[in-house]
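The values are calculated or read from the model by the stated rules, or taken from the named source; none is laboratory data. Note that the structure is a prediction, hence the values are computed from the model and not measured. A quick note on method: Cβ atoms are made from the backbone with ideal geometry, for glycine too, and the neighbour counts reach across all protein chains shown.
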Amino acid sequence: MPGLFYIMSNKPVVIIGAGIGGLSTGVLLVNRDIKVEIFEKSKKVGGRTSSVTYRNHILDNGFHIMPFYKKSAIYDVMKEANIESRLKLAIVSDIAFYDGAGFHKYPKGITDILQMSLIPFKSRLSLLKILLPMAFTSMEKTEELDKIPLTEVTRKLDYHSKRFFDAVCMLAFADTPDHISLGEFARTIIRANPFKGGTSEFAYPDMGGYDRISQVMADYIRETKSGVHLEKPIKKISISDGKVNGIILNDDTLMETDCVIVSYPAYHAINQLFDDGIFDNEFIKKINRLDKTTSVVEVHFALSKKIDSRQVVFPVGKDYASKGIFFISNITPSVSPPGEHLLIVGTPIKPEETDNPLRIKEIVTQMKQELSEIYPEFDSALLWERAMAWKLVEAVVKEPGLVWKNKMPHSVENVDGLFFVGDSTISYGIGTDSAAHSSILAHPKIMEYLSK
Ligand SMILES: Cc1cc2nc3c(=O)[nH]c(=O)nc-3n(C[C@H](O)[C@H](O)[C@H](O)COP(=O)(O)OP(=O)(O)OC[C@H]3O[C@@H](n4cnc5c(N)ncnc54)[C@H](O)[C@@H]3O)c2cc1C
């Protein structure tokens, strides 16, 4: 039985970080009877997905949604451990565009594009000409497109079709088409294709708070003899003769282990957790190239009235600051106290703008103006607002040349027992889905090492 030898050794596998990547890896390992100890530096599990309670509302760390619903890598991890029923999911499928004149239904699948009222019929045909071959190509073929920008195929399109791509890129990548790799876009379209076993549906934890997913995973890990330890930052990974032999905790104690899995952005970890000389300069340079991330401003608004029954609205056409309006209380009422409604409005910004309170204030003012134009009841219903900015959305942007196999590898040749997972490591998918996907891909390699 793989891992049997390791079970007999009393040293646990150590995972650094309790975000979706670290916890997914933990779930897969304890499911194979491997003892793991997860060390998380913050007070909560969830990493970038952790939420807070504010004025009796559950506020996510920016808007979070699970792409590919029950076809997501997160769901696959839970199914593998038989714990998927512990996470009740609300479907997010009532999505619309707003073009200044009215609302238009967002296409759920490729075939819906023919009926999409947002754009003229002729533009729908040119969209299908691009999307259909993508939806039916193979995952292997998409690798040939990884270094090509999405705009290579969209640049000749008319204005109407281009705004469709703008909205899809906002929904899927919180970014604009010029930053997206054609290969990554094509994989997303394949995974959304029901004829290829995919789905374009999204989901959100029915109990409210995206970190519910991490809590379910952490509970499962704790039910075994394994542990998830909070407020325990790891200072260093100790390596001797090309082999991991322990971790150094914040109080400088050494905990022995033969296997460490790092689950936070690799370009930070390789510069923080290791003595000089472990990685050569070329490798460090290559991994540091990944340190490019999308930044966003997102504003929570609490309202005393329901101003729309839709779940998500994408303002398109004009230069709206509000790129996506997410009516979270319409996805699940559990996020808000009775009689109150929560929404979050987001827009991508330049990383340096995240530190500029005046710029953020300007964005919030523009968003509020737009919301009252679209929804005349918005002003009278507004109870409070709370703006936040994030520099690190996904660990790696979906830029050409920085996706899929160009990301951080799960293991390195010169150090035995050292693994990397999380959204900066080899994986495709969106945010949390890619963090879980990396864990699924790394799992057999970790098991092979443990069974040696
Ligand atoms: C505003 C915003 C909106 C987003 N929207 C979506 C969305 O809609 N859908 C989606 O799927 N994804 C979304 N994402 C992206 C998603 O949150 C991330 O891709 C995902 O959570 C990454 O998971 P991870 O486990 O790789 O890393 P993380 O979540 O960053 O987890 C790493 C963990 O490691 C811990 N850690 C770091 N250093 C140490 C140390 N030395 N010792 C111990 N612990 C340490 C950190 O505290 C953290 O908890 C969004 C992100 C943001 C910020």
Legend entry - All positions within region 213-245 that are surrounded by fewer than 16 Cβ atoms within 10 Å (Cβ to Cβ) and away from the ligand (no atom under 14 Å from the Cβ): D219, R222, E223, K225, S240, D241, G242, K243
Inset, instruction - Would you check if R222 is in contact with a strand residue (DSSP E or B) (Cβ under 7 Å, 6 or more places away or on another chain), closer than 26 Å to G22 by Cα and part of a helix (DSSP H, G or I)? - result: yes
Legend entry - For L127: the one exception among (1) assigned to a helix (DSSP H, G or I); (2) surrounded by fewer than 21 Cβ atoms within 10 Å (Cβ to Cβ): (2)
Legend entry - In region 38-63, residue farthest from A442 (Cα to Cα) [restricted to those that are touching a Pro at 6+ places or on another chain (Cβ under 9 Å) and surrounded by 21 or more Cβ atoms within 10 Å (Cβ to Cβ)]: H57
Inset, instruction - Tell me which residues, restricted to region 91-112, are in contact (Cβ under 8 Å) with a residue 12 or more places away in the chain and over 29 Å from D206 (Cα atoms). - result: D99, G100
Inset, instruction - Considering each residue of region 262-303, count those that are within 11 Å of the ligand (Cβ to nearest atom) and not charged (D, E, K, R), and give that number. - result: 14
Inset, instruction - Select from region 402-421 the residues that are out of contact with any Cys (no Cβ under 9 Å at 6 or more places or on another chain) and either within 13 Å of the ligand (Cβ to nearest atom) or on the phi > 0 side of the Ramachandran plot (or both) and list them in ascending order. - result: W404, K407, M408, H410, F420, V421
Inset, instruction - For region 55-64, name all the residues that are assigned to a loop (DSSP other than H, G, I, E, B) and more than 18 Å from the chain's Cα centre (by Cα). - result: R55, N56
Legend entry - Scope region 422-436; condition assigned to a loop (DSSP other than H, G, I, E, B), within 6 Å of the ligand (Cβ to nearest atom) and of a type outside the set (A, V, I, L, M); matching residues: G422, D423, G431
Inset, instruction - State all residues of region 365-380 that are crowded, with 18+ Cβ neighbours inside 10 Å and either more than 15 Å from Y98 (Cβ to Cβ) or touching a Gly at 6+ places or on another chain (Cβ under 8 Å) (or both); if no residue qualifies, say none. - result: K368
Legend entry - Any pair with Cβ under 6 angstrom, 6 or more apart, that starts in region 380-395 at a residue that is within 19 Å of A269 (Cα to Cα) and ends at one that is more than 13 Å from the ligand (Cβ to nearest atom): none
Legend entry - Number of the exception - K79 against (1) of a type outside the set (A, V, I, L, M); (2) without any contact (Cβ under 8 Å) to a residue 12 or more places away in the chain; (3) within 10 Å of the ligand (Cβ to nearest atom): (3)
Legend entry - Residue among I148, I190 that alone is among the β-branched types (V, I, T) and under 25 Å from T111 (Cα atoms): I190
Legend entry - Residues within region 414-442 that are surrounded by fewer than 22 Cβ atoms within 10 Å (Cβ to Cβ), touching a Ser or Thr at 6+ places or on another chain (Cβ under 7 Å) and in contact (Cβ under 8 Å) with a residue 40 or more places away in the chain, tallied: 0
Legend entry - Among the candidates I65, I113, I74, I95, residue that is on the phi < 0 side of the Ramachandran plot, within 15 Å of the ligand (Cβ to nearest atom) and in contact with a Leu (Cβ under 8 Å, 6 or more places away or on another chain): I95
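Residues checked against (1) assigned by TED's automatic domain parsing to the domain that holds I221; (2) farther than 17 Å from I83 by Cα; (3) within 7 Å of the ligand (Cβ to nearest atom); (4) not in a loop (DSSP other than H, G, I, E, B):
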site: I15; (1), (2), (3), (4): yes, yes, no, yes
site: A18; (1), (2), (3), (4): yes, yes, yes, no
site: G21; (1), (2), (3), (4): yes, no, yes, yes
site: T25; (1), (2), (3), (4): yes, no, no, yes
site: L28; (1), (2), (3), (4): yes, no, no, yes
site: R32; (1), (2), (3), (4): yes, no, no, no
site: E37; (1), (2), (3), (4): yes, yes, no, yes
site: K41; (1), (2), (3), (4): yes, yes, yes, no
site: T53; (1), (2), (3), (4): no, yes, no, yes
Inset, instruction - Kindly provide the set of residues from region 136-150 that are buried (at least 20 other Cβ atoms within 10 Å of the Cβ) and in a helix (DSSP H, G or I), ordered by number. - result: T142, L145
Inset, instruction - Please verify whether region 364-383 includes one or more residues that are outside the structural domain of D166 (by TED's automatic domain parsing), farther than 25 Å from S304 by Cβ and not in a loop (DSSP other than H, G, I, E, B). - result: no
Legend entry - Where a residue in region 38-63 is free of Cβ contacts under 8 Å to residues at least 12 places away in the same chain and under 17 Å from A302 (Cβ atoms) and its partner, wherever it lies, is within 6 Å of the ligand (Cβ to nearest atom) and charged (D, E, K, R), with Cβ under 9 Å and at least six apart: none
Inset, instruction - State whether the residues of region 246-258 include one that is more than 16 Å from the ligand (Cβ to nearest atom) and in contact (Cβ under 8 Å) with a residue 40 or more places away in the chain. - result: yes
Inset, instruction - Quick one: in region 384-404, of everything that is touching a helix residue (DSSP H, G or I) at 6+ places or on another chain (Cβ under 6 Å) and among the basic types (K, R), which residue is surrounded by the most Cβ atoms within 10 Å (Cβ to Cβ)? - result: K398
